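Working notes for the structure below.
The values are calculated or read from the model by the stated rules, or taken from the named source; none is laboratory data. Predicted model, so just to flag it, every value in this text is computed and none were measured. All Cβ positions, glycine included, derive from the backbone under ideal geometry; neighbour counts span all protein chains shown.
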């Protein structure tokens with residue numbers, strides 16, 4: 001038998017134990033979503049997240065979509081760094097006056113076709129700010145056109161994925 | 001030399017010249033002619049300005065009143081100085097209490113009270129889109145929707161500090177960042193790759209929460225406290241509820257406080273886990289980070305089982321809790337926590353065994369101990385720089401006085417120290433929760449409170465540090481609600497911590513403090 005020279009740690013690959021999550025419903029949803037993304041967006045759906053004045057819990061749930069339990073990248077969803085790369089703008093929070101110009105500019109920077117999703121109650125209709133306050137304009141639709149609303153305080157990662165799945169189904173119908 | 005008022009006297013238990021109505025604070029007044037000299041006398045030692053805010057028509061005085069909230073290290077009493085103004089201006093104290101600078105700018109925006117001798121008189125939370133002369137917190141402004149400017153003329157743009165010199169250039173970042181993160185603007189002045197100045201501009205997310213709370217009953221407003229910062233919803237809701245309970249002199253059932261404490265510590269665990277995972281992501285080691293994110297997601301799911309909300313919203317109520325926690329949820333939590341500590345340890349072992357990670361964390365983003373009192377830095381950021389402050393012990397509330405808890409201290413103040421402190425605090429929180437589960441009392445989780453008016457200060461230790469709430473109820477509704485989160489003060493630490501570091505380490509330093517933009521901007 002040939003001896004392999006193997007200095008300590010250098011050629012042994014570092015592997016962690018496989019993590020197995022049993023969440024069949026979620027997996028099924030994700031795979032269906034993946035099929036839809038493949039047919040509509042050519043395998044990759046690019047989302048740009050924009051916080052227009054949320055309480056940060058919605059951002060946390062969006063980040064959670066990329067963590068091991070959900071890992072949406074395997075279904076073809078990527079969160080991109082620039083609106084210029086994005087198919088979808090996911091806006092969280094009611095739009096504050098201080099963010100309004102930035103929201104408009106971000107939307108304008110996106111190439112067409114482009115879609116806007118309002119994530120969370122505040123983004124959908126102003127939430128607790130709906131009664132009128134000096135600092136907040138209101139829901140996202142007051143500033144830019146909205147194609148889909150995902151309610152919740154905040155919506156869970158599962159809610160967000162489910163809503164995206166529904167949205168893809170609507171888009172697929174329009175395409176045919 | 002002018003005679004001054006010795007403010008140190010009021011921190012002593014025997015020095016209670018004015019007896020506190022509620023809670024740990026006493027209210028005193030200092031004659032205007034010796035006001036600044038008295039404050040200057042105690043500045044720079046162990047007295048910290050933890051809050052400064054304004055309100056109108058307070059305590060029998062018509063017009064503006066400024067409240068200066070002072071804490072003295074190792075004293076549990078909080079001294080609040082009432083400064084009644086006859087004119088809408090006052091002398092600045094920012095020269096000797098630097099933490100006052102943002103507070104004073106906040107007051108000028110909110111009320112139009114100016115500080116003519118202040119070194120920084122720029123707007124704070126009212127950006128260029130707002131009309132000049134607009135002061136939303138004044139009582140004569142009734143809250144309503146506002147039409148603001150849609151474009152900003154270059155002449156009226158916010159003036160950042162100009163940095164000049166050979167090879168100096170500026171990098172503007174934000175408000176919209178590349179990642180999934182809240183908005184804020186960072187203006188770096190850089191030589192080569194080394195940062196030699198950073199100016200942070202916040203308040204893009206200013207939602208007017210303090211004004212929104214006015215005129216509402218405590219029951220209507222608790223959701224506003226929860227929305228101050230989504231990942232501090234329990235801490236802020238508890239602080240708000242405690243203020244109402246202090247004003248109305250309600251005694252909360254033991255079980256309610258035990259459950260509140262479990263939730264507060266769950267919040268600390270998931271918050272710290274996210275910070276630690278984030279730090280490891282920011283040094284490009286996703287394999288190591290994934291273990292922290294797995295644990296964090298499991299905590300979120302347990303939160304859902306316990307309270308019906310992954311962020312535990314809607315359970316804390318003034319007078320206790322809205323609902324009791326189901327026994328099966330408690331059992332599930334106890335079972336889950338059994339092997340939590342070893343799992344966290346194995347995640348830490350991977351990080352500690354990876355020298356390239358430790359190399360990035362060590363000596364990066366040092367917060368000097370001298371800054372802590374001057375800028376009122378709190379939480380893990382202060383403890384990692386060797387300052388033993390923890391609100392759960394210094395101004396213990398609820399059932400914290402009877403819990404076994406120790407302060408975690410590190411000395412170096414770098415990113416690695418903050419990482420390690422957070423790891424230790426997670427384990428401490430797990431021990432607290434397990435101890436509480438084993439001795440959970442029976443009985444109701446809320447009490448009916450009488451109506452009552454008054455004002456109260458509460459301080460809680462959120463995951464990021466000390467949050468200050470001051471609530472004033474009049475005729476059963478909120479007259480003034482002031483919140484100062486730990487993030488508000490800790491942001492200013494980043495401006496110092498990044499100096500001499502390279503630009504690519506900024507995200508790491510930022511993540512090691514993981515401050516809330518929403519909690520700062522309100």
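A few comments on the model shown:
- Each residue in region B:98-107 was checked for being surrounded by 20 or more Cβ atoms within 10 Å (Cβ to Cβ) and either farther than 23 Å from residue B:56 by Cβ or not assigned by TED's automatic domain parsing to the domain that holds residue B:32 (or both), and 1 of them qualify.
- Selection count, region A:93-122, where residues are within 9 Å of chain B (Cβ to nearest Cβ), touching a helix residue (DSSP H, G or I) at 6+ places or on another chain (Cβ under 7 Å) and assigned to a strand (DSSP E or B): 1
- The residue that is farthest from residue B:50 (Cα to Cα), counting only those in region B:113-138 that are more than 14 Å from chain A (Cβ to nearest Cβ) and touching a strand residue (DSSP E or B) at 6+ places or on another chain (Cβ under 9 Å), is B:116.
- Residue count, region B:461-479 (criterion: within 9 Å of the chain's Cα centre (by Cα) and either in a strand (DSSP E or B) or surrounded by fewer than 24 Cβ atoms within 10 Å (Cβ to Cβ) (or both)): 6
- The one condition in (1) under 20 Å from residue B:228 (Cα atoms); (2) surrounded by 24 or more Cβ atoms within 10 Å (Cβ to Cβ); (3) facing chain A (nearest Cβ under 8 Å) that residue B:272 fails to fulfil: (3)
- Residue check, residue A:86 under 30 Å from residue B:152 (Cα atoms) and surrounded by 20 or more Cβ atoms within 10 Å (Cβ to Cβ): yes
- Among the residues examined, residue B:385 qualifies as crowded, with 22+ Cβ neighbours inside 10 Å, modelled with pLDDT of 90 or more and more than 15 Å from residue B:275 (Cβ to Cβ).
- Selection count where residues are more than 9 Å from chain A (Cβ to nearest Cβ) and surrounded by fewer than 20 Cβ atoms within 10 Å (Cβ to Cβ), scope region B:303-316: 2
- Search result, residues across region B:141-171 that are within 29 Å of the chain's Cα centre (by Cα), away from every other protein chain (no Cβ under 12 Å) and part of a loop (DSSP other than H, G, I, E, B): B:159, B:160, B:161
- Only residues that are within 14 Å of chain A (Cβ to nearest Cβ), touching a helix residue (DSSP H, G or I) at 6+ places or on another chain (Cβ under 8 Å) and more than 23 Å from residue B:515 (Cβ to Cβ) were counted in region B:217-264, giving 2.
- Search result, residues across region B:178-202 that are in contact with a strand residue (DSSP E or B) (Cβ under 9 Å, 6 or more places away or on another chain), part of a loop (DSSP other than H, G, I, E, B) and under 21 Å from residue A:105 (Cβ atoms): B:179, B:180, B:181, B:182, B:183, B:184, B:202
- Residue satisfying condition, being in contact (Cβ under 8 Å) with a residue 12 or more places away in the chain, within 10 Å of chain A (Cβ to nearest Cβ) and more than 19 Å from the chain's Cα centre (by Cα), within set B:192, B:174: B:174
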